[in-house]
Amino acid sequence: MKYIFVSGGVISGIGKGISTASVALLLKSAGYKVAPLKIDPYLNVDAGTMNPVHHGEVFVLDDGSETDQDLGNYERFLGEPLNKTNYATSGQVYLSVIQRERSLGYNGDCVEAVPHIPEEIIKRINEAGKSHNADIVIIEIGGTVGEMQNVFIFEANRILKMKKPNDVLHIHLSYLPIPPSLGEMKSKPVQMSVKELNSMGIQPDILLARSGVPVDEIRRKKLALFCSLPPEDIISAPDVKNIYEVPINYEDEGLSARILKKLKLKRKHKDLVQWRDFENKIVSAKKVVKIGIVGKYFTTGDFTLADSYISVIEALKHASYNQNLKPEITWIDSGKLLEDIKQLKNYQGIIVPGGFGSRDIDGKIEAIKYCRENKIPYFGLCYGMQLACVEYARNVLGLKSANTTEIDPKTKYPVIHIMPDQEKKLLLKNYGGTMRLGAWDCLLKKGSLARKLYDTFGKLSAGTDQISERHRHRYEFNNEFLEKFLDSGLKISGTSPDGKLVEIVELSDHPFFIGTQFHPELKSRPLGPHPLFMGFVKEANKINLGA
């Protein structure tokens, strides 16, 4: 097994996750089985309890693991499902070491930060490779070089390199700023981040030079001299219009060839044809489809954060580009929506994504009502499905105080209520990793729009009405109100196989009004867009905003 570590320098947020995913895609296209692994330095055991404004969305895997959003990038680029071995945190690592010590797993030895923490990290790296029968494990080191939090991950890199000198590479992604007052690309910050790596006993094998524009030959030669690298091992990584250009840029720069040569591997084949075709669709898409996303996890101070709903955004892009459409996505703060609800008429489709809590809930419910009454395509994801049921109960069924018990535990009409097993967990304050998580089967109802879309866009096996989708929730549709909903025209178009849990609701007298208890965005891929997103975008494109 070969190992590639990917680190970042100078600033955070320069794209280590996309670079790691791109390297994985290029090596897969060269004929090798790869296993990406994200190791985050924080002490949380997983990403499930972190605020999405601070850390980005929680990406849930089939096995129920609540992971960093970069796992979503890995899956979208590779087109493969990952599992818990592809994600680790310092919290997991420390917890494992302490638990092993408590059970005398170290045979009475003095347990120390080094070597025992790096050894546990290396163990997890190997487990990721074995789990996927991988030829190459690609390890993304969370954080930025020079931080105290991730020092043991770099130490694991150093130790593994000592043990397997011919099988370990280090790729360093670092930033070359262009100060407006100077108008010149500066290489000194990259030199200093490489120097920091050197101080930990690590010499990068390849340097990815991130900047606003391609790195020029002057800077390439300077970096080669001061970072002790051949010029051909410095790969230009300029800003691009979309993330799906990144692997193509790296391939055109010769990155995969450099990696294979250093690992003494021969290219088995070269296949980025479908990826390049998708990129061509992005470039050629001209007709705009306007989508509004109504949520609360958008703003922090003076900034708007798209990372809170990155999988929803990418799923919209996949569905749009594959229909030769260019998505124009607007963030609509649900807290401010009530000031002007008619602004929704400027959009061809509205999404209310997942979320938690009561803040700004009235704006979401009014948005749903507006879409239902004005025939604007509506797609509710998890919480968006639950609130669609609340809105319908209030304004169609006449249950004016209907609510979810998440917001009002004493509501007279709890059309959405907590799952019985979840109630016990909350009473014990058992929050981490305890929701209904991961992939669960769903049985589609014949004749429903949902089933038609899954069938039309190729996600149904012949002779079956069953699908599998990923979940992350504690609350569910209350079946005590099921008959009232069905009698009034709301369709239950998907349930758990035993029929006990409502998974999909839809309205038949509407161009597109669907809510899902699951998160379809988590399974959308560039080369395999999700059927429900395809249907939503298709109907949205039919809306004439000039009418």
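For region 504-522, the candidate set comprises residues that are crowded, with 22+ Cβ neighbours inside 10 Å and not in a strand (DSSP E or B); within that set, the residue that is nearest to the chain's Cα centre (by Cα) is Leu522.
The rows are residues; the columns are (1) over 14 Å from Gly9 (Cα atoms); (2) out of contact with any Ser or Thr (no Cβ under 8 Å at 6 or more places or on another chain); (3) not small (Gly, Ala, Ser).
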position: Ile206; (1), (2), (3): no, yes, yes
position: Gly212; (1), (2), (3): yes, yes, no
position: Phe226; (1), (2), (3): yes, no, yes
position: Val240; (1), (2), (3): yes, yes, yes
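Yes or no: Glu57 surrounded by fewer than 19 Cβ atoms within 10 Å (Cβ to Cβ) and not small (Gly, Ala, Ser)? Break it down stepwise before answering.
Numbers: surrounded by fewer than 19 Cβ atoms within 10 Å (Cβ to Cβ): no; not small (Gly, Ala, Ser): yes.
Taking the combined requirement at face value, the residue does not satisfy it.
Of all residues in region 502-547, how many are over 18 Å from Pro353 (Cα atoms), without any contact (Cβ under 8 Å) to a residue 40 or more places away in the chain, of a type in the set (A, V, I, L, M) and assigned by TED's automatic domain parsing to the domain that holds Ala319? Count: 0.
Is region 182-196 home to any residue that is surrounded by 19 or more Cβ atoms within 10 Å (Cβ to Cβ), among the hydroxyl-bearing types (Ser, Thr, Tyr) and in a loop (DSSP other than H, G, I, E, B)? Checking region 182-196: at least one residue is surrounded by 19 or more Cβ atoms within 10 Å (Cβ to Cβ), among the hydroxyl-bearing types (Ser, Thr, Tyr) and in a loop (DSSP other than H, G, I, E, B). Candidates Gly201, Gly183, Gly254: the one that is assigned by TED's automatic domain parsing to the domain that holds Ala113 and over 28 Å from Val137 (Cβ atoms) is Gly183. Within region 242-265, if we keep just the residues that are in a loop (DSSP other than H, G, I, E, B) and free of Cβ contacts under 8 Å to residues at least 40 places away in the same chain, the residue that is surrounded by the most Cβ atoms within 10 Å (Cβ to Cβ) turns out to be Glu253.
If you take the residues of region 367-380 that are over 13 Å from Tyr392 (Cβ atoms) and of a type outside the set (A, V, I, L, M, F, W, C), which of them is surrounded by the fewest Cβ atoms within 10 Å (Cβ to Cβ)? Among them, the one singled out is Asn374. Taken over region 132-145, the criterion of being surrounded by 17 or more Cβ atoms within 10 Å (Cβ to Cβ) and either more than 23 Å from the chain's Cα centre (by Cα) or part of a helix (DSSP H, G or I) (or both) is satisfied by Asp135, Val145. For region 30-68, taking the residues that are under 12 Å from the mean Cα position of the chain (by Cα) and of a type in the set (Asp, Glu), the one that is modelled with the lowest pLDDT is identified as Glu57.
Filtering region 386-408 to residues that are in a helix (DSSP H, G or I) and in contact with a Phe, Trp or Tyr (Cβ under 8 Å, 6 or more places away or on another chain) leaves Gln386, Ala388, Cys389, Tyr392, Ala393. Within region 426-446, being farther than 13 Å from His473 by Cα and either part of a loop (DSSP other than H, G, I, E, B) or at pLDDT below 90 (or both) holds for Leu427, Leu428, Lys429, Asn430, Lys445, Lys446. The numbered conditions (1) free of Cβ contacts under 8 Å to residues at least 40 places away in the same chain; (2) surrounded by fewer than 22 Cβ atoms within 10 Å (Cβ to Cβ); (3) under 13 Å from the mean Cα position of the chain (by Cα) are all true for Leu71 except (2). State which residue is modelled with the lowest pLDDT when the search covers only region 331-351 and only residues that are outside any helix (DSSP H, G or I) and in contact with a Phe, Trp or Tyr (Cβ under 7 Å, 6 or more places away or on another chain). Taking the candidates together, the pick is Asp333. Could you list, in sequence order, all residues of region 481-503 that are in a helix (DSSP H, G or I) and out of contact with any strand residue (DSSP E or B) (no Cβ under 8 Å at 6 or more places or on another chain)? Scanning region 481-503 gives Glu483, Lys484, Asp487, Ser488.
Being crowded, with 19+ Cβ neighbours inside 10 Å and touching a residue at least 40 places away in the same chain (Cβ under 8 Å), is that true of even one residue in region 223-236? No - not one qualifying residue is present in region 223-236.
When region 463-480 is filtered for residues that are in a strand (DSSP E or B) and basic (Lys, Arg), the ones remaining, listed by number, are Arg470, Arg472. Listed by position, the helices (runs of 4 or more DSSP H) contained in region 34-131 that have at least 3 residues being in contact with a helix residue (DSSP H, G or I) (Cβ under 6 Å, 6 or more places away or on another chain) and either among the hydroxyl-bearing types (Ser, Thr, Tyr) or more than 29 Å from Ser468 (Cα to Cα) (or both) are 90-102, 113-131.
Considering each residue of region 147-179, count those that are of a type in the set (Phe, Trp, Tyr) and within 19 Å of Ala113 (Cβ to Cβ), and give that number.
Count: 2.
Just one of the listed residues (Leu37, Leu82, Leu27, Leu43) is under 16 Å from Trp275 (Cβ atoms), hydrophobic (A, V, I, L, M, F, W, C) and assigned by TED's automatic domain parsing to the domain that holds Pro118, namely Leu27.
Given the criterion more than 28 Å from Asn150 (Cα to Cα), more than 33 Å from the chain's Cα centre (by Cα) and hydroxyl-bearing (Ser, Thr, Tyr), identify the matching residue among Ser181, Ser228.
Values: Ser228 fails: more than 28 Å from Asn150 (Cα to Cα).
Within the list Ser181, Ser228, the selection yields Ser181.
The values are calculated or read from the model by the stated rules, or taken from the named source; none is laboratory data. Computed from a predicted structure; not experimentally measured. We place every Cβ from the backbone using ideal geometry, glycine too, and count neighbours over all the protein chains shown.
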